[in-house]
1. Please work out whether segment 88-209 counts as rounded, prolate or oblate from its C-alpha gyration tensor, where a ≥ b ≥ c are the square roots of the eigenvalues and a/c under 1.5 means rounded, while otherwise a/b larger than b/c means prolate and anything else oblate?
2. Once each part is reduced to its C-alpha centroid, what is the distance from segment 248-270 to segment 175-243 in angstrom?
3. Length gain on complete extension for the stretch Tyr253 to Glu144, per 0.36 nm per residue less the alpha carbon to alpha carbon distance?
4. Count the DSSP beta bridges whose two residues both fall in the chain, then state the antiparallel fraction as a percent rounded to the nearest 5.
5. List the relative contact order of segment 132-262 as a percent without decimals, with contacts defined as Cα pairs under 8 Å and 6+ residues apart.
6. Assuming a ≥ b ≥ c are the square roots of the Cα gyration tensor eigenvalues, decide whether segment 1-159 counts as rounded (a/c under 1.5), prolate (otherwise, with a/b larger than b/c) or oblate.
7. Answer with one residue from Ser147, Ala45, Ala98: the one whose Cα lies farthest towards the positive end of the charge dipole of the chain, charges on Cβ with Lys, Arg +1 and Asp, Glu -1.
8. Over segment 186-244, what is the mean sequence separation of C-alpha contacts under 8 Å (at least six apart), divided by residue count, expressed as relative contact order in percent?
Amino acid sequence: MSTIRWGILSTGRIANTFAQGLEVLSDQRVAAVGSRSLASAERMADAYGARAHGSYEELAADPEVDAIYVATPHSRHMEDTLLCLDAGKPVLCEKPLALNEAQGRRMIDRARERGVFLMEAMWTRFNPVTARVRQLIASGAIGEVRSITGDFGFRGEFDPSGRLFDPHLAGGSLLDVGVYCVAYASMIYGDEPEAIVALDDRGSTGIDEQCAWIQRHAGGRMANLSSAVRTDTAQQMVICGTKGMIVVPRFFYADRLVLNGVEEAIPLEGNAYHYQAIEVQRCLAEGLLESPVISHEESLAILRTMDRIRAELGLCYPGE
Ligand SMILES: NC(=O)c1ccc[n+]([C@@H]2O[C@H](COP(=O)([O-])OP(=O)(O)OC[C@H]3O[C@@H](n4cnc5c(N)ncnc54)[C@H](OP(=O)(O)O)[C@@H]3O)[C@@H](O)[C@H]2O)c1
């Protein structure tokens with residue numbers, strides 16, 4: 001597939017950011033926008049010269065759409081992704097892939113049954129700084145990695161019915177931003193933790209406003225990770241090996257790293273959300289059903305780890 005005509009499923013904050021991100025690519029564009037509200041779809045579609053659909057079903061059925069970006073709250077990722085897969089549309093689904101492993105498994109099973117591409121939009125994975133971190137570690141630049149310390153917290157405005165705080169929308173810091181920390185440790189260590197301990201600060205709506213957990217991986221490799229939706233934190237990743245250390249400031253949106261005290265800047269193109277779209281395009285062109293960079297099995301492993309952290313916390317979502 002040489003060009004991608006994207007369908008954007010939802011008109012929320014990140015849907016717009018992703019759509020803007022595509023503007024640096026000459027062979028990918030927003031072709032259609034689907035929303036629960038036609039007026040909202042029209043507003044966003046107008047900005048991109050795209051078609052508007054007043055329902056997600058109409059978007060999924062649009063024959064002039066090659067792939068769909070699902071950007072709804074976590075509680076809807078499964079339902080919206082299944083809708084698109086059933087319509088034969090490749091899907092890039094926002095993180096976390098699903099609310100829990102069981103849902104993620106259903107989505108992946110469906111993608112495989114239908115022979116349709118599915119990828120979690122773990123966009124940090126495609127950031128050039130992340131690629132450089134992987135390369136440095138693989139080349140032995142810091143020896144064997146023994147410890148990872150990472151945090152991703154921000155002070156979101158408290159809105160009990162908003163996506164971040166409403167348990168019915170699967171809000172909470174772990175699923176919203178902690179997932180980046182879990183995914184980073186998964187990328188560096190390449191396996192699932194053998195043991196986890198976790199603590200959280202449960203807010204008034206019943207979701208984790210702060211969460212901290214320690215993962216121990218085989219051979220005593222450790223990860224100390226945390227997330228927050230009511231507190232700004234350093235948002236950095238520190239990767240320590242037997243021969244040195246890499247610090248990645250603002251690791252989820254990084255434009256530099258510090259290797260043993262020496263800074264290396266890697267400028268980002270555009271708003272950096274298009275890197276994942278390039279990977280989708282590459283996978284579709286090669287006829288792949290998943291990306292090797294964030295595979296189905298790894299998305300499931302990330303969900304399993306988050307399920308284990310939530311089990312430690314005693315944190316369930318309605319209907320689970
Ligand atoms: N990659 C990143 O950097 C990044 C950043 C932020 C968020 N995200 C992820 O992107 C997804 C959406 O986050 P967001 O911040 O864009 O959320 P948002 O601004 O609240 O938008 C969510 C959209 O989902 C649709 N929706 C469908 N059912 C809904 C419901 N019951 N309640 C609220 N909205 C509903 C709405 O679109 P319509 O009204 O048009 O149907 C809404 O605009 C989440 O999975 C989140 O984790 C990723």
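We did not get these values from a lab; they are worked out from the coordinates using the rules stated. Fair warning: this is a prediction, and the values are worked out from it, not measured in the lab. Heads up, the Cβs are rebuilt from the backbone with ideal geometry, glycines too, and the neighbour counts pull from every protein chain shown.
1. Values: a/c = 1.92, a/b = 1.15, b/c = 1.67.
The shape class here is oblate.
2. Using only Cα atoms to place each centre, the spacing works out to 20 Å.
3. Working: separation 109, 0.36 × 109 = 39.24 nm, distance 2.49 nm.
Gain in length upon complete extension: 36.8 nm.
4. Numbers: 32 of 59 bridges.
About 55 percent, rounded to the nearest 5.
5. Details: 283 pairs, mean separation 42.9, N = 131.
Worked out over segment 132-262, it gives 33 percent.
6. Values: a/c = 1.69, a/b = 1.61, b/c = 1.05.
It is prolate, given that a/c is not under 1.5 and a/b is the larger ratio.
7. Ser147
8. On the way: 72 pairs, mean separation 15.0, N = 59.
It rounds to 25 percent for segment 186-244.
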